[in-house]
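Have a look at the structure below, then the notes.
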Amino acid sequence: MIHRSRRQILLAGADDRALLLGWFGLISSSDYSHRTCDRCNPMPQFENDSDFKKAVLQCFEQDGWTVTPAPPNTIGYDIELIRDSECVAVQVRQQRAKVHAGQLEKFIDFLERPAAVKFTRGFIISASGFTPSVFTYMRTEEVVDVALGSFKDNAIFWEDGDIPFQPTKAQLTYIGVFTCKGGVGKTTISAHLAGAFALNGYDVVLIDLDRQSNLRKLLGDGVSIPGRRGGLGATITVLNHTDWREDDYPDTRVVICDCSPDYDANPEMFIEKFDYCLIPTTLNPLGINKNADVIRRTFAAIRRVNTNAELFVIVNNYHSDEARRNDVLNRILKTEFETLMADDPKCHYIDPETVAIRFSKQLLYWGYHIVENDKPQLAFREIGGRSLPRVDFLKLLDYLEDHTNIEAAKAQEAKSAVPANQ
Ligand SMILES: Nc1ncnc2c1ncn2[C@@H]1O[C@H](COP(=O)(O)OP(=O)(O)O)[C@@H](O)[C@H]1O
Ligand SMILES: [Mg+2]
């Protein structure tokens, strides 16, 4: 049975530095040399999944594992490894995009199923690496029984949660969270998306554009999110729009604006700056047509002053255990949405099956700290060892990084920051 536990993961290593390290003593020091090409047949390129799988399989075989490919059409894993008392489920991923937090979560869910009880651990071997959110997920959810390996040059490079690089110079990205409707989660989403950015090492400024000033009430001047292994971490600074000067916050990478539902109450200079805008909505039968209309009005309002921003509709208050009803409601909303976005390729509907913000007690009672006179905080507290909001917002960030150039900008800066002799 696979457990998330309180133990720290021991892996250390990073993509480009090609650090080879063992994992839980599973890979003895003599095994490290087994990770190099001479122990595996050269197979520099993979025409298809099965070639890639074969190469990974051979690597494990060379390391003394008894290797059995999963029977055809097996869901959840691709290879079974047995050595000593270990029985490991291996998932191999040959995909163009990096493996993201949603894929890691699905693998963990698989490993926790009764059908996977024989597996003592799980490995994900990726041909394209992992997104930063995957490492954050590993750390924040304290996942210890899954190891992540990148397959490069016919060797497996075991990685931990190191975020591959820390950017040196900030490039500002403006994200608005806006809809013409109140009470659908703008403030909740603004704050916790900022939290996900901060977990991944970005400094964020949150600007409260709503006259109700809920963000200021909930987060005061801001919060700091601890970094990895006692590192500097990242800060979320909360400001009124009149206090925002780009030059005053040189380390800030992301500005998130929590908008007022009353369009005219939002200073246009902010709406003009949005690179991206998130539009929260809900899947409920009474609201479904009304919600489509709200989305239509929201798009139109933004487009009056900003034709460049990419707009993303995100479902909030999602009840993931209502598969059938969600499916029907999702189809209705999606169809309505598709007619809306026909003329605007920069409008996107995030399918809630991929990413949604689930209904959770943590988010419902976010703000209880005000009642208790406690310090400002996000609703990332764990219940039963897991924080649904934290996972959802990391997944949302992954999605945005996949569908925007937020990460590309970060990678470019990191590259330019690498000394020439490296
Ligand atoms: N995913 C969620 N699960 C549970 N409660 C939520 C969720 N999202 C928002 N809420 C609750 O709904 C209410 C309205 O959310 P809020 O973010 O203030 O909306 P808005 O800023 O659009 O007015 C708040 O009480 C919040 O705690
Ligand atoms: Mg609000």
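Assorted remarks:
- Based on the convex hull around the alpha carbon atoms, the range 173-417 presents an average projected area of 13.9 nm².
- Whichever aspartates and glutamates have a C-alpha closer than 20 Å to that of K334, once near sequence neighbours (fewer than 8 apart) are set aside: D293, E310, D321, E322, D343, D344, D351, E353
- 3J(HN,Hα) from dihedral phi, the range 140-146, Karplus parametrisation 6.51/-1.76/1.60, rounded to Hz, x for glycine, proline: 6, 8, 6, 6, 10, 9, 10
- Ascending count of other beta-carbon atoms within 10 Å, so fewest first, for F130, F380: F380, F130
- Amide proton proximity set for F359, modelled H, under 5 Å, gap of 5+: N317, Y318, H319, S320
- Summing Lys and Arg as +1 and Asp and Glu as -1 over all other residues whose Cβ lies under 14 Å from the Cβ of V294 gives a net charge of +2.
- For the range 65-74, 3J(HN,Hα) computed residue by residue from phi via the Karplus equation (6.51, -1.76, 1.60; θ = phi - 60°) reads 7, 7, 10, 10, x, 5, x, x, 6, 6 Hz, glycine and proline entered as x.
- Computed P(r) (all Cα pairs; the range 176-249; 10 Å bins; percent): 19, 50, 27, 4, 0
- By the beta-carbon count within 10 Å of each Cβ, the least crowded to most crowded order of M269, M138, M341, fewest first, is M269, M341, M138.
- Calculated FRET efficiency for the pair D351/Q62, C-beta based, R₀ 41 Å, to 0.05: 0.50
- Highest to lowest packing among 238-250, 172-184, 277-289, scored as the average C-beta count within 10 Å: 172-184, 277-289, 238-250
- ³J(HN,Hα) computed for each position of the range 120-132 - Karplus, 6.51 cos²θ - 1.76 cosθ + 1.60, integer Hz, glycine/proline x: 8, 8, x, 10, 10, 10, 10, 8, 10, x, 9, 6, x
- For K54, the lysines whose Cα falls under 29 Å of its own Cα, not counting residues fewer than eight places away in the same chain, are K98, K106, K118, K152.
- For a straight C-alpha distance cut-off of 22 angstrom, the lysines reachable from K217 (same-chain residues fewer than eight places away being disregarded) are K181, K186, K361, K375.
Every number here is computed from the coordinates shown, using simple stated rules; none is lab data. Predicted model, so just to flag it, every value in this text is computed and none were measured. Neighbour counts are summed over all protein chains in view; Cβ atoms, including those assigned to glycine, are modelled from backbone coordinates with ideal geometry.
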